[in-house]
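Any read-out appearing in this document is the output of simple, stated calculations on the displayed coordinates, not a laboratory observation. Computed from a prediction, not measured in an experiment: that's the story for all the values here. Every residue, glycine as well, gets a Cβ built from its backbone with ideal geometry; the counts of neighbours run over all protein chains shown.
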Amino acid sequence: MSFSTRLIQLRKQRGLTQQGLADAANIHVQQVKRYEAGTSEPSTEALRKLARTFSVSTDWLLFEEGERGPDSEFSFLFEAITELPEEERSIIREMLEGMVMKYQTRKWLRS
């Protein structure tokens, strides 16, 4: 689902007009119309205002289901990691960050 479709869906679910959404998010109504028509993309600040207005994440507004999360191969592992004590999660985080940096460095050196 595109950003404009999500925005329209959220607005209608909340029973808001385009003007009502503009007022609630403190965004000009013409900008709301452009977002919904798909002729304009929101700035970071506008995206934050919309996410706050609807109490959703900016990721939810922008990304398709599963587009940003781990693929199914890693989903179970990440779910299990969230159950570990903070000290162990911190170690795993550092290991993953190190592996990502190693990969990015190799990629950069090859190009």
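Observations
- Here the chain is treated as a Stokes sphere of Kirkwood radius computed over C-alpha pairs; at 25 °C and 0.890 mPa s its diffusion coefficient rounds to 145 µm²/s.
- Shape category assigned to segment 17-70 from the gyration tensor of Cα positions, a/c cut at 1.5: prolate
- Charge context of Tyr103, other residues only, Cβ under 14 angstrom, K/R +1, D/E -1: +3
- Placing dummy labels 7 Å off each Cα toward the beta-carbon, the span from Val56 to Met1 is 0.6 nm.
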